[in-house]
Amino acid sequence: MATTDQSGGSINHRALLVNARRVVIKVGTGVVCNTENEFDPRQVAALAASISGLVNAGRQVVLVSSGAVTLGAAELGIHRSRLKDASVTRACAAVGQCKLMQAYSESFRPHGVKVAQVLVTEDDFSDLKRYSILRQTFERLLKLGAVPIVNENDTVTNIYTEQAPVFRDNDRLAALVLSKLDADALVLLSNVDGLLYSPNQDLSNATVITMVTEMTAAIRDSACGTSTTGRGGMTAKLDAAEIAMQAGGMVVIANGKTPGILEQVFQGEEVGTLFLPGTRLAGKRRWLAFATTVRGEVTINTNAARALLHRQASLLISGVTASEGEFSAGQVIAVLDPEGNIIGKGIAELGSQQLAAMLSSGESRRGVLVRRENFLILSLKEPNVQRRGV
């Protein structure tokens with residue numbers, strides 16, 4: 001298992017958290033609500049006080065908060081079994097988001113900290129232009145000293161679909177925000193003390209893994225269980241941690257119910273599970289790897305595959321043998337080798353209709369389908385490609 005104990009090495013990695021200037025904090029539904037799925041004002045007030053302390057000490061903080069659907073369901077008197085109906089879930093989110101932002105605004109006000117609501121959809125991440133605009137908004141809010149409070153816009157999101165979503169849960173959303181903003185650290189606050197390990201899966205005797213240096217199969221096998229109120233769980237947190245690690249950020253999974261937990265994290269104390277940053281992917285590669293949805297796919301011949309994988313070449317239209325799905329120029333497509341294996345994904349220079357016409361015409365097919373700088377080779381450490389409508 002790729003872990004190490006804090007006391008076993010000479011480097012105090014947690015001291016790096018003391019100097020983290022830009023941080024993303026994600027709180028789960030189980031943190032802002034009690035066991036009866038009722039809003040916990042004292043917990044939110046304590047959270048706001050801790051975050052305000054970080055801001056007043058000179059850090060920039062983005063808060064990703066779950067809880068809107070649960071709060072809305074409680075306000076409307078709707079049992080959670082009815083949340084399988086997407087329209088009911090959206091209605092609850094609309095009501096609950098108002099309560100959530102009101103609570104945060106009132107909790108931050110005594111500390112002189114302003115908050116801003118940022119509701120996002122998958123298109124804000126998968127569309128490169130909107131992705132850039134969203135970053136500009138974040139940057140301006142942070143420079144103005146406000147705390148952006150981020151949540152997925154569930155009122156317009158199709159969360160019950162067979163299509164692979166970009167977010168899936170707020171843990172992943174928080175990791176994508178870290179990646180977008182080149183933040184130093186991500187803190188995932190849940191109702192558990194960290195990543196637990198037990199050799200026989202007996203959680204009553206489990207211990208907290210203090211540090212993870214690499215996301216391995218053994219680490220993932222140690223995760224079990226899902227959230228009783230949210231869409232995530234420990235597996236979702238490990239997915240988020242892997243994204244953040246590849247974006248060059250530190251990650252801490254800790255118990256949001258522990259008093260003063262954020263102060264402890266950023267004072268470098270040994271609480272929760274610390275995930276160390278890995279090799280940082282370049283900005284566009286990170287966007288391609290994590291924040292995009294594949295709109296179609298093309299199959300290429302052996303020579304084109306070799307040129308992409310070994311000669312850092314662009315994908316020429318002459319190397320394409322087949323195309324599936326509907327996509328436009330500027331959208332992301334998967335690239336398959338002759339055996340049907342996905343070798344990467346990239347931004348298409350032309351749409352599927354134009355490409356299909358060229359493939360069926362039999363005429364000379366000149367031009368570039370995917371430029372090298374817009375292509376990402378998918379390695380074993382990178383996530384499976386998300387395929388939509390293909």
Quiz item: Which of the residues that make up region 257-272 are surrounded by fewer than 24 Cβ atoms within 10 Å (Cβ to Cβ) and in a loop (DSSP other than H, G, I, E, B)?
Solution: 257, 258, 259, 260, 267, 268, 269, 270, 271
Quiz item: How many of the residues in region 319-342 are within 26 Å of the chain's Cα centre (by Cα) and surrounded by 20 or more Cβ atoms within 10 Å (Cβ to Cβ)?
Solution: 7
Practice problem: Give the number of residues within region 54-71 that are at pLDDT below 90 and open to solvent by less than 10 Å² (accessible area, probe 1.4 Å). | Solution: 4
Practice problem: Please go through region 206-254 and pick out each residue that is closer than 28 Å to residue 19 by Cβ, more than 19 Å from the chain's Cα centre (by Cα) and either at pLDDT below 85 or not in a loop (DSSP other than H, G, I, E, B) (or both). | Solution: 208, 211
Quiz item: When both residues are 6+ apart or on different chains and their Cβ atoms are under 8 Å apart, which pairs have a first residue that lies in region 1-29 and is over 15 Å from residue 51 (Cα atoms) and open to solvent by 80 Å² or more (accessible area, probe 1.4 Å), and a second that is at pLDDT 85 or above and not in a loop (DSSP other than H, G, I, E, B)?
Solution: 16/250
Quiz item: So which of 332, 320, 370 is at pLDDT below 90 and touching a strand residue (DSSP E or B) at 6+ places or on another chain (Cβ under 8 Å)?
Solution: 332
Quiz item: Which residue out of 103, 86, 94 is of a type in the set (Gly, Ala, Ser), at pLDDT 90 or above, farther than 20 Å from residue 174 by Cα and surrounded by fewer than 20 Cβ atoms within 10 Å (Cβ to Cβ)?
Solution: 94
Practice problem: Restricting attention to region 273-317, report how many residues are among the small types (Gly, Ala, Ser), open to solvent by 10 Å² or more (accessible area, probe 1.4 Å), in contact with a Leu (Cβ under 7 Å, 6 or more places away or on another chain) and at pLDDT below 90. | Solution: 0
Quiz item: When you scan region 129-145, how many residues do you find that are hydrophobic (A, V, I, L, M, F, W, C) and surrounded by fewer than 18 Cβ atoms within 10 Å (Cβ to Cβ)?
Solution: 2
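The values are calculated or read from the model by the stated rules, or taken from the named source; none is laboratory data. It should be emphasised that the depicted structure is a prediction, and the values quoted were computed from it without experimental measurement. A quick note on method: Cβ atoms are made from the backbone with ideal geometry, for glycine too, and the neighbour counts reach across all protein chains shown. Heavy atoms of the whole protein, side chains included, go into the accessibility calculation; ligands, DNA and RNA do not. Shrake-Rupley method; radii C 1.70, N 1.55, O 1.52, S 1.80 Å.
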